[in-house]
1. For LYS233, indicate whether it is exposed (fewer than 15 other Cβ atoms within 10 Å of the Cβ), of a type in the set (Lys, Arg) and under 30 Å from PRO301 (Cα atoms).
2. Within the stretch 164-184, is even one residue at pLDDT below 95, of a type in the set (Asp, Glu), outside any helix (DSSP H, G or I) and assigned by TED's automatic domain parsing to the domain that holds PRO329?
3. For the stretch 269-295, enumerate the residues that are without any contact (Cβ under 8 Å) to a residue 60 or more places away in the chain, aliphatic (A, V, I, L, M) and surrounded by fewer than 21 Cβ atoms within 10 Å (Cβ to Cβ).
4. Filter the stretch 98-113 down to the residues that are free of Cβ contacts under 8 Å to residues at least 24 places away in the same chain and of a type in the set (A, V, I, L, M, F, W, C) and list them by number.
5. Taking the condition out of contact with any Lys or Arg (no Cβ under 7 Å at 6 or more places or on another chain) and outside any loop (DSSP other than H, G, I, E, B), does ALA119 pass?
6. Is it true that some residue in the stretch 131-146 is in the same structural domain as VAL205 (by TED's automatic domain parsing), loosely packed, with under 14 Cβ neighbours inside 10 Å, assigned to a helix (DSSP H, G or I) and out of contact with any Ser or Thr (no Cβ under 7 Å at 6 or more places or on another chain)?
7. It is to be established whether one or more residues within the stretch 99-121 are in contact with a Phe, Trp or Tyr (Cβ under 6 Å, 6 or more places away or on another chain), aromatic (Phe, Trp, Tyr) and surrounded by 14 or more Cβ atoms within 10 Å (Cβ to Cβ).
Amino acid sequence: MNQPVAGTAPSPQRFFDVVHAFQRTAALKGAIDLDLFTAIGGGAGTIEELADRCRASQRGIRILCDYMVILGFVTKESGEYALTADAAAFLDRRSPMCLAGTTEFLLSPTILESFRDVAAAVRKGGSVAPGEGSLAPSHAMWIDFAKAMTPMMTPMAEQIAGLLDAGSKLKMKVLDIAAGHGIYGITLAKRNPNAEIVAVDWPNVLEVAKENAEAAGVAKRHRALPGSAFDVKFGDGYNAVLLTNFLHHFDAPTCEKLLKKIHAALAPGGRVVTVEFIPNDDRVTPAESAGFALTMLVATPAGDAYTFKELERMFKNAGFTGSELHRLPPLINAVVISKK
């Protein structure tokens with residue numbers, strides 16, 4: 001029987017922290033909806049100024065700002081508020097690194113609903129949403145994902161471009177599976193003027209990728225291939241395949257089926273770049289990656305957060321010669337590069 005750690009007194013603090021966590025999430029979402037952080041970053045520091053800028057009551061602004069101080073996003077001195085370094089970088093909409101818009105996906109009704117009854121998902125062993133849930137063809141949630149998540153994915157896209165030596169200007173034919181916003185393939189195309197991108201996703205989602213490709217000036221080298229990655233014909237001769245945040249939605253046999261199809265589409269020596277939340281073998285570290293397994297439990301019929309050993313085995317079973325794991329701190333996701 002497991003025993004408490006010696007020398008530590010039991011405390012209910014962790015229990016209350018977790019039980020009250022939804023309040024912190026809701027307060028942060030409220031501050032973002034009011035553009036509170038952008039207002040503070042723009043020079044409004046007093047309750048009166050912020051109430052006017054955010055079109056809110058002074059009482060409400062005072063209480064919300066004080067709560068943001070408690071959470072560590074805002075500082076308070078002599079009655080005036082200022083942003084912490086983290087808030088200035090990631091919550092002020094004027095910042096190129098701003099992540100405020102990601103809440104449109106991360107806190108979307110579909111995501112929140114999937115966590116409404118975790119016990120039911122545990123009993124079932126998968127999502128209790130009707131049908132295929134968010135995996136249904138052309139589910140509207142993926143448009144929210146494509147529009148909201150680009151800022152969060154851009155640092156990883158830059159890292160991948162470096163790992164693939166995209167700046168070499170060698171001719172590249174790239175397949176971008178579940179392209180979504182398209183930022184991974186678009187970043188490669190921006191780095192390498194000889195890179196041609198074929199983006200696979202649902203038709204409604206690819207419209208977002210098309211807009212992003214046009215904005216980046218690479219639309220002539222960015223082609224849409226609408227449909228399910230399991231059903232559409234990829235063609236062949238690809239030098240690289242981008243498989244970003246996709247395998248975790250499915251069980252291992254389904255992943256291997258897709259990987260065999262990808263293997264056939266690659267040119268000799270071609271590589272697959274897989275981006276995933278990859279926990280260690282203990283499945284509890286790193287916390288962010290390991291905890292993603294719960295998201296897959298409640299949101300998908302059979303998805304999971306796979307360890308590197310599991311991914312390596314899938315690629316080997318699909319015919320790949322080897323796989324390398326690249327952890328890229330401080331990014332949460334990790335990259336696996338597999339060779340044909």
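1. Spelling it out, LYS233 is indeed exposed (fewer than 15 other Cβ atoms within 10 Å of the Cβ), of a type in the set (Lys, Arg) and under 30 Å from PRO301 (Cα atoms).
2. Yes, that holds for at least one residue.
3. VAL284, ALA287, ALA290, ALA293
4. The one that is free of Cβ contacts under 8 Å to residues at least 24 places away in the same chain and of a type in the set (A, V, I, L, M, F, W, C): LEU112.
5. Yes: the conditions hold for ALA119.
6. No; the residues of the stretch 131-146 include none that is in the same structural domain as VAL205 (by TED's automatic domain parsing), loosely packed, with under 14 Cβ neighbours inside 10 Å, assigned to a helix (DSSP H, G or I) and out of contact with any Ser or Thr (no Cβ under 7 Å at 6 or more places or on another chain).
7. Taking every residue of the stretch 99-121 in turn, at least one turns out to be in contact with a Phe, Trp or Tyr (Cβ under 6 Å, 6 or more places away or on another chain), aromatic (Phe, Trp, Tyr) and surrounded by 14 or more Cβ atoms within 10 Å (Cβ to Cβ).
The values are calculated or read from the model by the stated rules, or taken from the named source; none is laboratory data. On a predicted model such as this, the values are computed, not experimentally measured, just so you know. Cβ atoms come from the backbone with ideal geometry, glycine included; neighbour counts cover every protein chain shown.
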